[in-house]
Amino acid sequence: MKIATIVGARPQFIKEAVVGEELRKAGFEHVLIHTGQHYDYNMSEVFFNSLEIKEPDYNLGVGSGSHAVQTGLTMMRLEEVVIKEEPDVVLVYGDTNATVAGALVSAKLKIRVAHVEAGMRQEPRDMPEEINRVLTDRISSILFCPSQTAVKNLKKEGMEKGVWFTGDVMYDLYLKMEKQFDYSLSEQLDLEENGYVVVTIHRDFNTDNRYRLEEILKQLNMIVKDKRIVFPIHPRTRKRIEGFGLENHLENLDIIDPLDYLSMMGLVKHSWKVITDSGGLQKESYFAGKQAVVIMPDTGWIELVDAGINCLTSPEMIRESLLLIHETKYEKGLYGSGNAAAEIASLLG
Ligand code: UD1
């Protein structure tokens, strides 16, 4: 049986590191297609190197652009590859433009689509990732859910057939790589354990609105009076800060380039708390036993909020939320037992 996997952006490379390995172990013929959505060295290649992900068989070279350009170009270039390779199943991850493009091309070629991280739902409904998730789930025939919440979400929308709770492959990766986490940044930046907050921001509703972005930066400047702020900055966020002329708000923060997985996890593991709008980091901080303040009106990972581990906040309330969150009860095992990738491979067989 032949499986073609589509990746395009950072969070997908991370997932591929564990799922790809299990697919090959299970004896599938496996074609890896990189759409080229993320192309900077530290947004793409560094993950392939440090997580020893197999070199993609194809790179579609799509790059940056509007949603229509990115999705359309991916579809056009991908269709040729899928027709040529004739896979039995096309596997897509998460909620990016590569996900929806991959699902649409394959479903229309009558190839079965397997969606890893199916069933995630969150407000605002018009955010690009939410549109991608809803559409992808609708046209996938195999839906692998990372949480019980995701299973319930699909049920509410009438999807029960082909739905599997597997747990989250990101938890598998965390456990697999824990011993190799890289703590060298602590030394380079002279960081004290529990003495700093890790910040990441890249969602369009936070970066593309001048008021929200400036408010977020103002709050970080208040927090930095007590705790250092280490902020690996996404290229989109850097461009917006420069475009809005907000660079002066960065002076007191430790601004660094985006990090590879092992350095990021080392940074989080020794941090005090996390401030983020990343879906992945909300869970990775939980895996590391840290709490996260999430700058979003809603989250797909709502069980972490319900358990009192993470909290949702608005730009104006970041500092207050950071000071107020202290967990009530540390619930373990929300995302399976660390063998989601093996489970996915066996269900595909
Ligand atoms: C994408 C995903 C998002 C995911 C995120 C992880 C969609 C709709 N969104 O958002 O779900 O959480 O990846 O990072 O697919 N850029 C570079 N170099 C790069 C990549 C991006 O400079 O290697 C800049 C470009 O200016 C680009 C902007 O970042 O226009 C945004 O990149 P894009 O891939 O469109 O979306 P992300 O914000 O990364």
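For segment 189-202, indicate whether the set of residues that are within 16 Å of the ligand (Cβ to nearest atom), touching a residue at least 24 places away in the same chain (Cβ under 8 Å) and open to solvent by 40 Å² or more (accessible area, probe 1.4 Å) is non-empty. Please lay out each step first, then the result.
Going through segment 189-202, the residues within 16 Å of the ligand (Cβ to nearest atom) turn out to be 198-202.
Checking the rest, the ones that are also touching a residue at least 24 places away in the same chain (Cβ under 8 Å) come to 198-202.
Narrowing the set further to residues that are open to solvent by 40 Å² or more (accessible area, probe 1.4 Å) leaves 202.
Taking every residue of segment 189-202 in turn, at least one turns out to be within 16 Å of the ligand (Cβ to nearest atom), touching a residue at least 24 places away in the same chain (Cβ under 8 Å) and open to solvent by 40 Å² or more (accessible area, probe 1.4 Å).
Of the conditions (1) closer than 21 Å to residue 117 by Cα; (2) more than 12 Å from the ligand (Cβ to nearest atom), residue 72 satisfies every one except a single condition; which number is it?
The number of the failed condition is (1).
Identify, please: which residue in segment 1-33 is assigned to a strand (DSSP E or B) and closer than 10 Å to residue 53 by Cβ and is, among those, farthest from the ligand (Cβ to nearest atom)?
Kept after step one, since they are assigned to a strand (DSSP E or B), are these residues of segment 1-33: 2-7, 29-33.
Okay, now just the ones that are also closer than 10 Å to residue 53 by Cβ, so 7, 32.
Details: 7: 11, 32: 18 Å.
So the residue we want is 32.
Give all pairs with beta carbons closer than 6 Å in which a residue from segment 271-291 that is farther than 18 Å from residue 172 by Cβ meets a residue that is open to solvent by less than 10 Å² (accessible area, probe 1.4 Å) and within 13 Å of the ligand (Cβ to nearest atom); count only pairs at least 6 apart in sequence or on separate chains.
As it stands, the answer is 277/201; 277/206; 277/296, since those pairs meet every condition given.
When you check residue 98 against the structure, is it more than 10 Å from the ligand (Cβ to nearest atom) and open to solvent by less than 10 Å² (accessible area, probe 1.4 Å), yes or no? Give the steps one after another, and end with the answer.
Values: more than 10 Å from the ligand (Cβ to nearest atom): no; open to solvent by less than 10 Å² (accessible area, probe 1.4 Å): yes.
Answer is no for this residue.
How many residues, within segment 299-316, are touching a residue at least 40 places away in the same chain (Cβ under 8 Å) and surrounded by 16 or more Cβ atoms within 10 Å (Cβ to Cβ)? Talk me through it step by step, then tell me what you get.
Filtering segment 299-316 for residues touching a residue at least 40 places away in the same chain (Cβ under 8 Å) gives 299-303, 315-316.
Now restrict to residues that are surrounded by 16 or more Cβ atoms within 10 Å (Cβ to Cβ): 299-303, 315.
Residues that pass the stated criteria total 6.
Taking the options 49, 59, name whichever one is in contact with a strand residue (DSSP E or B) (Cβ under 8 Å, 6 or more places away or on another chain) and modelled with pLDDT of 95 or more.
59
Could you count how many residues in segment 129-188 are crowded, with 19+ Cβ neighbours inside 10 Å, part of a loop (DSSP other than H, G, I, E, B) and either modelled with pLDDT under 95 or of a type outside the set (S, T, N, Q) (or both)?
Here the count works out to 3.
May I ask you to say which residue of 116, 62 is more than 10 Å from the ligand (Cβ to nearest atom) and touching a residue at least 12 places away in the same chain (Cβ under 8 Å)?
Working: 62 fails: more than 10 Å from the ligand (Cβ to nearest atom).
It is 116.
Which members of segment 237-259 meet the condition of being within 23 Å of the chain's Cα centre (by Cα), open to solvent by 30 Å² or more (accessible area, probe 1.4 Å) and without any contact (Cβ under 8 Å) to a residue 40 or more places away in the chain?
Answer for segment 237-259, where residues must be within 23 Å of the chain's Cα centre (by Cα), open to solvent by 30 Å² or more (accessible area, probe 1.4 Å) and without any contact (Cβ under 8 Å) to a residue 40 or more places away in the chain: 238, 239, 240, 255.
Looking only at segment 12-28, which residues are surrounded by fewer than 24 Cβ atoms within 10 Å (Cβ to Cβ) and charged (D, E, K, R)?
Across segment 12-28, the qualifying residues are 21, 22, 24, 25.
For segment 34-55, enumerate the residues that are more than 10 Å from the ligand (Cβ to nearest atom) and open to solvent by less than 40 Å² (accessible area, probe 1.4 Å).
34, 46, 47, 48, 50, 51, 53
The values are calculated or read from the model by the stated rules, or taken from the named source; none is laboratory data. Predicted, not measured: the structure shown is a model, and the values here were computed from it. Here the Cβ is made from the backbone with ideal geometry for all residues, glycine too, and neighbour counts use every protein chain on show. Keep in mind that these areas ignore ligands, DNA and RNA; they rest on the heavy atoms of the full protein, side chains included. Shrake-Rupley method; radii C 1.70, N 1.55, O 1.52, S 1.80 Å.
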